[in-house]
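Structure record follows, encoded as structure tokens.
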Amino acid sequence: LLRPVRYSDIVILLRTTSGWDETFKQVLEEEGIPVYITSKTGYFAAPEVQELLQFLRVLDNPLQDIPLFGTLKSVFGGFSDEEIARIRSLQKEVSLYQALCRCARGEQTEETEQTEEAGETEEAEVPEGLSQKARAFLDRVLAYRDATVYLPIRDLLQQIVDDYCYLDYVTALPAGGKRRANVEMLFTKASDFEKTSYFGLFHFIRYMEQLEKYDVDYGEADSLDEHADVVRIMSIHKSKGLEFPVAIVAGLSKRFNMQDANRSLIVDMDLGIACDYVEPDRRIRSRTLRRAVLSRKLREDGLAEELRVLYVALTRAREKLILTASLEKAREKWELQKEQEAGQLDYLAFMSAGCYLDFLLPVIRQTPVEVRVVSEEELAGRALSEQIHLYGRRSRLEQAGSAGPGQGEIAVDEEALALLWERFTYEYPHRALEKLYTKTTVSELKIAAMAERDEAAYHAFEEQEVVPYIPAFRRDGEAMGGTVRGSAYHRAMELLDFEAVLGEQFSIFPETYGSYREGLDRTRLAASLRAFLEGERKALRLSEEYLGALREQKLIGFLEQEIAYRMWAAQRSGRLYREQPFVLGVEADRLSRDFPSEETVLIQGIIDVFFVEKGELVLLDYKTDVIRSMEELWNRYAVQLDYYGEALTKIQQLPVREKLLYSFHLGTCQAIPPQAS
């Protein structure tokens with residue numbers, strides 16, 4: 001019992017996929033046929049990626065004509081070719097952006113000025129609609145250019161995509177799932193860029209250009225896999241051992257690669273080495289008999305291998321085999337074979353073959369194969385008729401759908417039209433859940449809470465000091481960025497052994513903080529701390545970069561605090577825990593009123609340090625922020641400490657007695673104020 005053929009039943013086999021599979025994929029996707037290929041190229045050539053990158057180039061420097069032209073023609077500009085030509089004609093000596101600015105001001109074209117000078121009364125002013133369109137576009141560009149100063153690249157891309165509903169637009173195009181995945185992959189690349197030491201729109205554009213230049217192309221995003229209902233495109237070699245209901249062997253007129261047999265120096269494992277005869281004085285090169293023998297043998301071996309590959313291709317189909325080739329260079333052979341009697345592939349035809357089609361032509365007439373020759377004129381006629389049909393169908397649908405079901409002026413299938421109308425006007429009932437996430441981090445919640453509580457403090461926190469990138473060999477401690485400095489102090493506090501650093505100064509453990517403070521000798525403490533850090537560096541637990549970012553006086557200032565004494569006591573009793581990761585599940589409505597309470601969101605984070613003291617927990621977080629007061633620090637991190645405390649209470653089954661912040665910048669440790677919690 002036969003069933004209708006599916007896309008997954010079909011495979012297209014090629015001798016080599018390089019330079020071929022992308023073309024096949026593009027043509028099939030234009031026809032709405034889903035395709036799966038395994039190549040890792042084509043991402044930067046994807047139109048949706050190019051449109052976004054061109055728009056970013058315009059935001060970086062609008063005086064670039066080519067990116068600006070592409071942006072004007074895209075969905076971001078919405079200008080037609082005629083409108084762009086009219087804008088460009090305003091003044092040919094200036095850039096396209098300057099001409100666009102003139103159009104926005106409503107200035108006349110050069111041709112108008114020339115006709116006025118000649119005394120003619122005919123005017124060709126810029127249409128008001130085009131002028132308004134240019135002004136609106138320039139206003140949007142200016143707003144985005146202002147946002148590039150403070151917005152991270154990923155947030156800027158997200159804002160552009162949201163403002164233009166770009167994801168919905170690309171999803172509605174042919175192969176929309178893959179196009180949408182390509183745009184989302186660009187978000188991922190923007191996030192990866194933000195993890196580097198570079199920042200800003202200019203560096204991101206250069207970053208993407210370098211990826212494209214050096215072929216760091218991971219291929220288009222795969223919204224489908226090889227097990228989906230798709231047409232597969234693969235090489236003949238990869239199809240060995242596989243069978244498909246329908247196999248299309250394409251590219252049979254592609255010429256064989258016989259470069260090895262035509263080289264000046266030929267190496268064969270059986271006959272050895274042969275080369276051309278060269279006379280340097282007379283500057284003459286000629287082929288030797290030995291080289292001719294080896295060349296013929298290599299050609300014969302190569303053709304035999306190609307014949308075996310062809311056999312593999314012809315035996316992959318279970319139900320139907322389709323062979324395609326171009327007769328552009330083999331038309332004479334085809335006409336000659338039609339006049340001759342059918343026979344077998346003789347040795348002369350075998351040795352003169354240059355493609356798979358040459359193997360098949362002598363024998364194809366004696367096989368039960370249906371042969372169809374399609375001319376270029378016929379193909380062009382089919383394409384034209386298809387365009388006419390699609391245009392007529394589109395116009396009828398627009399006429400019928402403009403008034404709604406049952407109100408069109410032409411006869412249509414009312415049932416089908418009602419179904420289409422219902423689908424296109426459908427609104428998702430749970431739109432509030434489209435931004436629901438399953439996992440987040442404490443840092444993201446901290447920033448969101450800060451923005452909600454105090455917008456001025458949020459912008460002050462976001463607008464951090466811009467530190468230029470300096471190579472490692474030119475850096476000193478002050479030139480390092482805040483991220484490196486913060487990571488260095490956290491790593492040092494994670495490794496710090498209180499017993500090794502403080503134990504030498506006390507014969508017995510001090511019973512009170514007062515006796516601990518009196519017993520400290522800053523000189524001995526500095527020497528002990530310096531020796532400990534150097535030992536960690538030699539053991540490769542602390543990098544040279546981190547060691548250079550640390551300030552000895554700030555670490556000594558911490559060790560003089562009461563919290564250091566308490567941490568030493570906890571370490572001696574085995575109840576000191578540092579850099580502890582956790583995952584906490586909370587009700588979704590706690591994070592947003594739009595989220596349902598029955599959903600759970602996972603919050604992950606890493607606790608700097610906590611310890612058990614008198615049966616209760618003490619939580620401490622280190623900060624290296626440049627601030628003016630501890631109140632400013634608590635406004636930033638109170639929410640973060642609250643989630644840490646909640647997670648510790650659930651994990652340790654003990655109450656949290658204190659939540660502390662230590663500022664290395666101020667040298668102060670303080671408990672959370674009640675109003676900040």
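The values are calculated or read from the model by the stated rules, or taken from the named source; none is laboratory data. Remember, predicted model here, so these are calculated numbers, not experimental data. Positions of Cβ are generated from backbone atoms using ideal geometry, with glycine treated the same way; all protein chains shown enter the neighbour counts. Ligands, DNA and RNA are excluded from the accessible area calculation, which covers all protein heavy atoms including side chains. Shrake-Rupley method; radii C 1.70, N 1.55, O 1.52, S 1.80 Å.
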Problem - Which listed residue, of 641, 654, is more than 22 Å from residue 558 (Cα to Cα), modelled with pLDDT of 85 or more and not in a strand (DSSP E or B) - result: 654
Exercise for the section: Looking for whichever is over 24 Å from residue 152 (Cβ atoms) and under 21 Å from the mean Cα position of the chain (by Cα) here; the options are 84, 37. Which one fits? Expected result: 37
Exercise for the section: Can you confirm whether segment 586-593 contains a residue that is open to solvent by 70 Å² or more (accessible area, probe 1.4 Å), in contact with a helix residue (DSSP H, G or I) (Cβ under 9 Å, 6 or more places away or on another chain) and assigned to a loop (DSSP other than H, G, I, E, B)? Expected result: no
Problem - Residues of segment 116-151 that turn out to be assigned to a helix (DSSP H, G or I) and modelled with pLDDT under 75, as a count - result: 2
Exercise for the section: Would you check if residue 83 is in contact (Cβ under 8 Å) with a residue 24 or more places away in the chain, part of a helix (DSSP H, G or I) and more than 16 Å from residue 205 (Cβ to Cβ)? Expected result: yes
Practice task
Scan 296, 285, 263 and give me the residue that is charged (D, E, K, R) and either modelled with pLDDT under 85 or under 46 Å from the mean Cα position of the chain (by Cα) (or both).
Solution key: 263
Exercise for the section: Return a yes/no flag: does segment 594-606 have any residue that is modelled with pLDDT of 90 or more, not hydrophobic (A, V, I, L, M, F, W, C) and not in a helix (DSSP H, G or I). Expected result: no
Practice task
Considering every residue within segment 178-189, establish whether at least one is surrounded by 19 or more Cβ atoms within 10 Å (Cβ to Cβ), closer than 18 Å to residue 435 by Cβ and either touching a residue at least 12 places away in the same chain (Cβ under 8 Å) or among the hydrophobic types (A, V, I, L, M, F, W, C) (or both).
Solution key: yes
Exercise for the section: With the condition kept exactly as written, say whether any residue in segment 644-658 is among the hydroxyl-bearing types (Ser, Thr, Tyr) and touching a Lys or Arg at 6+ places or on another chain (Cβ under 6 Å). Expected result: no
Problem - Residue selected from segment 402-434 under the condition at pLDDT 80 or above and not hydrophobic (A, V, I, L, M, F, W, C), by the criterion farthest from residue 639 (Cα to Cα) - result: 415
Practice task
Scan segment 597-624 residue by residue and report those that are in contact with a Ser or Thr (Cβ under 7 Å, 6 or more places away or on another chain) and open to solvent by 10 Å² or more (accessible area, probe 1.4 Å).
Solution key: 602, 604, 605, 623
Problem - Meets criteria (farther than 30 Å from residue 241 by Cα, modelled with pLDDT of 85 or more and open to solvent by less than 70 Å² (accessible area, probe 1.4 Å)) for residue 63 - result: no
Practice task
Give 613, 599, 587 a once-over and let me know the one that is charged (D, E, K, R) and free of Cβ contacts under 8 Å to residues at least 24 places away in the same chain.
Solution key: 587
Exercise for the section: Find all pairs meeting these conditions: Cβ atoms under 7 angstrom apart; at least six residues apart or on different chains; first residue within segment 287-301 and buried (at least 17 other Cβ atoms within 10 Å of the Cβ); second residue of a type in the set (Gly, Ala, Ser) and modelled with pLDDT of 85 or more. Expected result: 291/274; 294/274
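Conditions tested, residue by residue: (1) without any contact (Cβ under 8 Å) to a residue 24 or more places away in the chain; (2) within 15 Å of residue 490 (Cα to Cα); (3) not hydrophobic (A, V, I, L, M, F, W, C).
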residue	(1), (2), (3)
509	no, no, no
530	yes, no, yes
565	no, no, yes
569	no, no, no
Practice task
Might you check whether a residue that is under 30 Å from residue 431 (Cβ atoms) and touching a Lys or Arg at 6+ places or on another chain (Cβ under 8 Å) occurs anywhere in segment 614-625?
Solution key: no
Practice task
Enumerate the helices (runs of 4 or more DSSP H) found wholly within segment 435-524, keeping only those where 3 or more residues are surrounded by 13 or more Cβ atoms within 10 Å (Cβ to Cβ), of a type in the set (D, E, K, R) and modelled with pLDDT of 80 or more.
Solution key: 482-495
